[in-house]
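Below is one structure; the comments refer to it alone.
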Amino acid sequence: MTAEILHEEIIRTLKAATDPQLVDELLSRLKRSAGIEDDILQSQDRRGDSKQLREVLLVEQEHFDRLITMCEQKLPPDEQGTIFLRLAEVFKTYGELGRAEQVYSQMLKRSGGKQAKSQVAEAYLRRGEIFSLRGDWKRSASDLNRSKKLFLELKDRHAIGRVENILGAAYAERGRLKLAEKYFSHALREFDRTPRAPMAGVAYMNLGIVFNIEGMYDKALTQYKRAQSSFESTGDVKRLAELHHNIGMSYLFKGKYKEANGEFDVSYSFSSPANSISLMGLSNLGKATARFYMNDLPVALQLARRAIEAFTNCEDRLSLADAYKVKGMIHRDMESYEEAETYLHTSLRLNAELGNKLNLGETYFEIGVLENRRKDPKKAIHAFQKGKACFQKIGAREELRKTIEQLNYLKGSNSGS
């Protein structure tokens, strides 16, 4: 993604949200201002009307901040709120989570009762989702609860379902699967009460993710099929990209690596035209994992590097931790053990900081495999025991079974030596 593409998307969004003529006027003012500064700094005479004003990119913080100020001066509060919400969503779509959070925060600081309660509630919901994506659970829960309170006052059942859905996803990320199921079920109930039932597809997909973590892969695939018909009927490209990634993960856990790789390809084909950096990163990470298990290590390494670049750009530390784990696995199988150790322990540190119990357990498991390869059964047993504790806590049955199998093998080998 280039700055020019994001600049054009911001302009399109502004023109769709308000008077296009006003947007042209504001852009012209920004260009004139830039021209005045050029005159002063370069001592050039640019007074002629025929002179071309230089392009000003709205993705640059200085110009964007001034544009927002001019919008506040020119537009009524409710129209300002609409623009804030739409611009923040543009930043989020293009993987600029920090900029999206900044816009929502600006909106909430300026609301002061002037903007509609529904817009304030929506800003809290969306900022809460961003905090959740970045593993900032405390601030996420605070924003989501504020949002839910406002939507309850507004009696907006559909919006309440959206809040419940995000809360469920946050609990799933932290391995609290029973709470996640509870919130997803609440969300489904709310969506079923509203005329916009297609949102139920999101809850079905998230329920599938929970079943996948629990090792019930066929049950997960059933939920994904329910979600797929919903997303296809509405043409929701972004959700279809997420869905095919999740289907790929189920095939991955079932050991069907070619099928998994195919689903990740489909996911990428949906996310790439939409320039969704985070989803493109997830597709590449999924493909890297599939290629790793297919013993295509050079391709797996290349894909993992692409995923790390994407997650770094969009500040997705949860996915970055997972990508470090996969890169550690690749280095381990290439017998570059010191590099493998560094990547796996970096993943371990990030997952511990973010409270991601599932990925923490998975990383301990891979460290156990590494230490076993390095002929250090004591360290391997310690790592597997740590992983076992994580899997027991969240109810990841299949991962628990594999870990116990490794422990029994190692302990048996030690007792016989």
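Throughout, read-outs are computed from the coordinates displayed, never taken from laboratory work. Just so you know, these numbers come straight off a predicted model, no measurement behind them. Every residue, glycine among them, receives a Cβ derived from its backbone with ideal geometry; neighbour counts consider all protein chains shown.
Based on C-alpha pairs under 8 angstrom that are at least 6 apart in sequence, the chain has a relative contact order of 10 percent. Protection proxy ranking for 56-66, 272-282, using the average of other Cβ atoms within 10 Å per residue and placing the highest first: 272-282, 56-66. Which FRET efficiency, nearest 0.05, do Asn145 and Glu338 yield, Cβ-Cβ r, R0 60 Å? It comes out at approximately 0.85. Applying 1/(1 + (r/R0)^6) with R0 = 51 Å to the Cβ-Cβ distance of Asn408 and Lys31 gives a FRET efficiency near 0.10. Taking other residues whose beta carbon is less than 11 angstrom from the beta carbon of Asp24, and scoring Lys, Arg as +1 and Asp, Glu as -1, yields +1.
With respect to the chain, whose longest principal axis is taken over its alpha-carbon atoms, helix 61-74 is tilted by about 50°. List the relative contact order of segment 320-417 as a percent without decimals, with contacts defined as Cα pairs under 8 Å and 6+ residues apart. Relative contact order of segment 320-417: 21 percent. For the chain, the longest principal axis of the Cα atoms and the long axis of helix 137-154 meet at an angle of about 60 degrees. Roughly how tilted is helix 317-333, in degrees to the nearest 10 and between 0 and 90, from the longest Cα axis of the chain? It works out to around 40 degrees.
A prolate overall shape is assigned to segment 64-201, the ratio a/c of its alpha-carbon gyration tensor axes (a ≥ b ≥ c) being 1.5 or greater and a/b exceeding b/c. For the charge dipole of segment 281-332, defined by +1 on Lys and Arg C-beta atoms and -1 on Asp and Glu C-beta atoms about the Cα centroid, which residue among Ala288, Ile330, Ala310 has the Cα displaced farthest towards the positive pole? After comparing all options, I get Ile330.
Annotation for Asn313 and Lys219: the two label points, set 7 Å from Cα along the Cα-Cβ direction, are 3.9 nm apart.
If each of Lys138 and Gln21 carries a label point 7 Å out from its Cα toward its Cβ, how far apart are those two points in nm? Taking the two extended label points, one gets 5.1 nm.
Model label sites at Met70 and Tyr293, defined 7 Å from Cα along the beta-carbon direction, differ in position by 5.3 nm. Most tightly packed first, judged by the mean number of other beta-carbon atoms within 10 Å of their residues, the peptides 391-399, 124-132 read 124-132, 391-399.
Shape analysis of segment 320-417 places it in the oblate category; the axes a ≥ b ≥ c from the Cα gyration tensor give an a/c of at least 1.5, with a/b not above b/c.
In terms of its C-alpha gyration tensor, segment 67-148 comes out oblate, because a/c is 1.5 or above while a/b does not outweigh b/c.
Summary of packing: across the peptides 220-231, 156-167, 25-36, the per-residue average of other C-beta atoms within 10 Å ranks them, highest first, as 156-167, 220-231, 25-36.
If the cut-off is 19 Å between C-alpha atoms, which aspartates and glutamates fall inside it for Lys138, apart from same-chain ones fewer than 8 positions away? Result set, ordered by chain and number: Glu101, Glu122, Glu129, Glu164, Glu173, Glu315, Asp316, Glu353.
The stretch between Lys375 and Ala389, if pulled fully straight at 0.36 nm per residue, gains 2.7 nm over its current Cα-Cα span. Treating r as the C-beta distance of Lys117 and Leu57 and R0 as 35 Å, the FRET efficiency rounds to 0.55.
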